[in-house]
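Just below is one structure, and these are the notes that go with it.
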Amino acid sequence: MSPLDTFLFTALPYVAIIVFLGGTIYRYRATRFKYSSLSSGFLEKRTLFWGSMPFHWGVMMLFLGHLIAFLFPRSVLAWNGEPVRLLVLEVAAFIFALSVLWGLAMLMIRRVGSARIRAVSSYMDVLILSLLMAQTVLGLLIAWNFRWGSSWFAASLTPYLRSIFAFQPDIAAVSAMPWLVKLHIVGAFLIVLAIPFSRLVHVLVVPLHYIWRPYQLVIWNWRKDRVRDPESGWTVTRPRNT
Amino acid sequence: MDIRAQISMMFHLDKCIGCHTCSVACKNIWTDRKGAEYMWWNNVETKPGTGYPTKWEDQDVYKGGWKTRGQDITLRGAGKLRGLLNIFHNPHLPVIDDYYEPFTYKYLDLIESPAQDDQPTARPVSMITGKPIDIKMGPNWDDDLSGTPDFARRDPNLANLTPAEQEAMFQLEKMAFFYLPRICNHCLNPACVASCPSGAIYKRGEDGVVLINQKVCRAWRMCVTACPYKKSYYNWSTGKSEKCILCYPRLEAGHAPACMHSCVGRIRYLGVMLYDADRIQEAASAPEDELVDRQLDMLLDPFDPEIIAAAKANGVSDSTIKSAQLSPVYRFVKEWGMALPLHPEFRTLPMLFYVPPLLPVMASVSEARAADQKSKMAPMAKKWEDDWLYNTSTEELWGTIDQVRFPIQYMANMFGAGDGARVTEVLKKLMAVRIHRRDVTVGDMKPAKVKATLADVNLTPEQADEIYTLSTLARFDQRFVIPPAHREQAIEMLDFTGDAKGSVGFGFREQPARGN
């Protein structure tokens, strides 16, 4: 347990989480106008399909996989008890990771190669793409070299992650990990750290509330019953649409 | 009965000269910004033509508007399930090339060019990338049927016309066109509102203006797909959708929208309509041949005491009801039945109505002997010296309408969901008013015939005079009857001032520039 390990696996996670929480909340309150990704599908649609679709669906499945291993490690280990099921899980995850890598490559080619997309790109966009790409490559290398990740993640890394959230960081297991795995963990926290400063905030405003709301939306500026409420001048419910 | 007020519009196409003044007025006020250069919240199209964006009416391509599903309706290309599944890539989203790549010229090169043998030129450059481009398309490059093989012949409204009819439309001798100015229809059943995953688009309860809250918009772009009129535009620079706001800041101050105020031909009318919001669903789900009737049925009589009482009970202010009674749109649409919605089959219940144009239908030139004409003149009438005349065929009662040179079916595809009889009825009314006025001012027609003409379209001479007056002589305040906004009663009309109380300044002070 070198000082570097302590920094990377104790300090960095907390810094990342605090900056993530503070940054996203501050940004939502201060600059809500910019709280989305700057969509470029309007300028270029064809390459976007081959990039965005494999990336997004793949990354959603991978995130879900990591989340399940974090939340229900015993269930994952139980599932992996049968070699066939373990193989199905690992192969599926590997394919999703390949689709993410393919998607990221297309997105990168598009962002750097198309003049129109360059006009709406920032350095942060390229940085985020590079970060995600590095993270995906690391994940693929780990999956290939250190089998079987779904099992040892649940057994060794879930306790570490839980210790972080329990405010009793225990980095013994992580310190003993190969450097590929260490880099992957560091990469994950760097991505969390980058969320408030980049287009990644759009994952926080995924419009799932659309499912429940009625299709039509009518907003009244001067509903008489409210205006005539003597309290409304000061304490009226906030406008519903902001 | 849930009575609401809607600021509604009427465009008299017979008067439109296609000058684009409306478009320019709008552009100067609202869309002269980075990312909005290509947007024309108001645009004027030549019909037949493919319009802007190219072939916007073809919903097989763009999947806009609503379609029926059993007794109900559903969004064609967006909606809860389809919208969320397509959120990573919307296959039906139009791209910038469907509109045109905005461009400017390097004017500075003309001034700063060093001395040389050749004249310097101002090269066109893209306003997106700043790089030189070959301009391939502009917002109105099909004006006046220019580039007809590329544009007019690909008009989606030609779909159910026979090849012979289509061919006739483009013969030099028979060629005819008219202009179609378009703004947002501020629909009663807006597809853009329904499609917005973020819930950023809403209809203002008081006047029905459809707006996009820029702070809530998250650039999912479903509204661009869902609007069948393609009047919601994506700003590629700010990452927000924008659309016509019916100049609501002007309306609130009692001014007419910029496009209407600047209209040279005075074709535009604006006024309040009262409607029954409980019948929206029913009217939008009606069978195709009943769509127009059901929509017109929803619009209520502002003079009916029962309706006035119900409107007041629902919070519609007295001044708004008064505006509804004076509304020129109500007179044209309901009282006289002369204005029709554009493409009712998209089922959004658009509240911009059009008087279809009579001129391209009737104005064929034929040879006429001056002497023959002269003999028909009343003694008081002017001397007739022209050997040519617009063949208005007044010999037969409806000669003009029956012998159209412009297929009625084409106009019916635009204004009547394919029902030609409905368009013919309006054209007959337009013609009847002309015949009546000709009788009044020229007096060369048999009284019995004039009477029969008016009777045939159920108009009295007094009504015909009113139509004539409101069509041609109407003053500014008769064309635009704007209800007072009652800001004094608003909780939040622009910004909720309570939010800014105790802080410096008011409201939204964030630069639209994006870096992330």
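Each value in this text was obtained by applying a stated rule to the coordinates, not by laboratory testing. Keep in mind it's a predicted model, so treat the numbers as computed, not measured. We place every Cβ from the backbone using ideal geometry, glycine too, and count neighbours over all the protein chains shown.
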Item checked: Using distinct alpha-carbon pairs, which all enter the 1/r mean, Kirkwood radius of chain A in Å -> 20.8
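At a Förster radius of 45 Å, what calculated FRET efficiency corresponds to the Cβ-Cβ distance of A:Leu64 and B:Glu290, to the nearest 0.05?
Efficiency, from the Cβ-Cβ distance: 0.40.
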Item checked: Alpha-carbon Rg/Rh ratio, for segment B:105-251, with Rh computed the Kirkwood way -> 1.10
Check: So what are the ³J(HN,Hα) numbers for segment A:81-94, from phi and the Karplus equation (6.51, -1.76, 1.60; θ = phi - 60°), rounded to whole Hz, Gly and Pro as x?
Finding: x, 9, x, 5, 5, 4, 5, 4, 4, 5, 5, 4, 4, 5
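Percent of alpha carbon pairs in segment B:189-280 separated by more than 17 Å?
The calculated P(r) of segment B:189-280 puts 56 percent of pairs beyond 17 Å.
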Note to self: Below 8 Å, C-alpha to C-alpha, sequence gap of six or more: please give me the relative contact order for chain B in percent.
What the structure shows: 20
Next item on the list: Pull up all non-local amide H partners of B:Glu206: gap of 5 or more, or a different chain, and H-to-H distance under 5 Å with H placed in the peptide plane.
Entry: A:Asn221
Item checked: Principal axes of segment B:3-252: Cα extent on each, largest first, Å -> 71, 50, 39
Next item on the list: Just need log10 I(q)/I(0) for segment B:82-139 at q = 0.18, 0.21 Å⁻¹, Debye formula, equal scatterers on the alpha-carbon atoms, no solvent, rounded to two decimals.
Entry: -0.74, -0.85
Next item on the list: Please report, in Å, the Rg and the Dmax of segment A:49-166, where both are computed over Cα atoms only.
Entry: 16.5, 52
Checklist line | Amide H within-cut-off set for B:Phe103, under 5 Å, with H built and near neighbours excluded | finding: B:Met127
Check: Once all Cα-Cα distances of segment B:256-342 are split into 10 Å bins that start at 0, what whole-number percent is in each one?
Finding: 15, 41, 34, 10, 0
Next item on the list: Would you kindly derive the ³J(HN,Hα) couplings of segment B:407-413 from the backbone phi angles with the Karplus curve 6.51 cos²θ - 1.76 cosθ + 1.60 (θ = phi - 60°), listing them in order in whole Hz, with x for Gly and Pro?
Entry: x, 4, 4, 4, 5, 5, 5
Check: Check B:Met39: other-chain or 5+ apart residues with amide H under 5 Å from its amide H, H built from backbone geometry?
Finding: none
Margin query: Give me a comma-separated list of calculated 3J(HN,Hα) values for segment B:260-275, in order, Karplus coefficients 6.51, -1.76, 1.60 applied at θ = phi - 60°, integers in Hz, x for any Gly or Pro.
Written below: 6, 4, 8, 4, 5, x, 6, 8, 9, 10, 9, x, 8, 10, 8, 9
Next item on the list: Specify the residue with the greatest mean-square fluctuation among A:Thr31, A:Thr47, A:Thr136, computed from a Gaussian network of chain A linking alpha-carbon atoms under 10 Å apart.
Entry: A:Thr31
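Tell me, what does the Kirkwood hydrodynamic radius of segment B:210-262 come to in angstroms if you use every pair of distinct C-alpha atoms?
About 12.2 Å for segment B:210-262.
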Next item on the list: Pop the C-beta distance of A:Ala173 and A:Ala115 into the FRET formula with R0 = 41 Å and round what comes out to the nearest 0.05.
Entry: 0.25
Notebook entry, point to check: What nm value, rounded to one decimal, do you get for the distance between A:Ile219 and A:Ile17 when each label is placed 7 Å out toward the C-beta?
Noted result: 3.6
Check: Between their Cα atoms, which of B:Lys243/B:Lys428; B:Lys67/B:Lys322; B:Lys27/B:Lys63; B:Lys27/B:Lys215 are more than 25 Å away from each other?
Finding: B:Lys243/B:Lys428; B:Lys67/B:Lys322; B:Lys27/B:Lys63
Margin query: I want to verify a result. In a Gaussian network model of chain A, Cα cutoff 10 Å, which of these has the top mean-square fluctuation: A:Arg199, A:Arg85, A:Arg110?
Written below: A:Arg85
Notebook entry, point to check: Can you give me the relative contact order of segment B:3-252 as a percent, contacts being Cα pairs under 8 Å and 6 or more apart?
Noted result: 27
Check: Can you give the FRET efficiency for B:Thr121 and A:Thr47, using 1/(1 + (r/R0)^6), R0 = 41 Å, r = Cβ-Cβ distance, to the nearest 0.05?
Finding: 0.75
Check: P(r) for segment B:1-133: what percent of alpha-carbon pairs falls in each 5 Å bin, starting at zero?
Finding: 2, 7, 10, 12, 15, 16, 13, 10, 6, 3, 3, 2, 1, 0, 0, 0
Next item on the list: Using only the Cα atoms of chain B, each taken as one equal point scatterer with no solvent, compute I(q) by the Debye sum, divide by I(0), and report log10 of the ratio at q = 0.12 Å⁻¹.
Entry: -1.19
Note to self: Along its three principal axes, how long is the protein assembly as shown when you only count alpha carbons? Whole Å, largest extent first please.
What the structure shows: 115, 77, 61
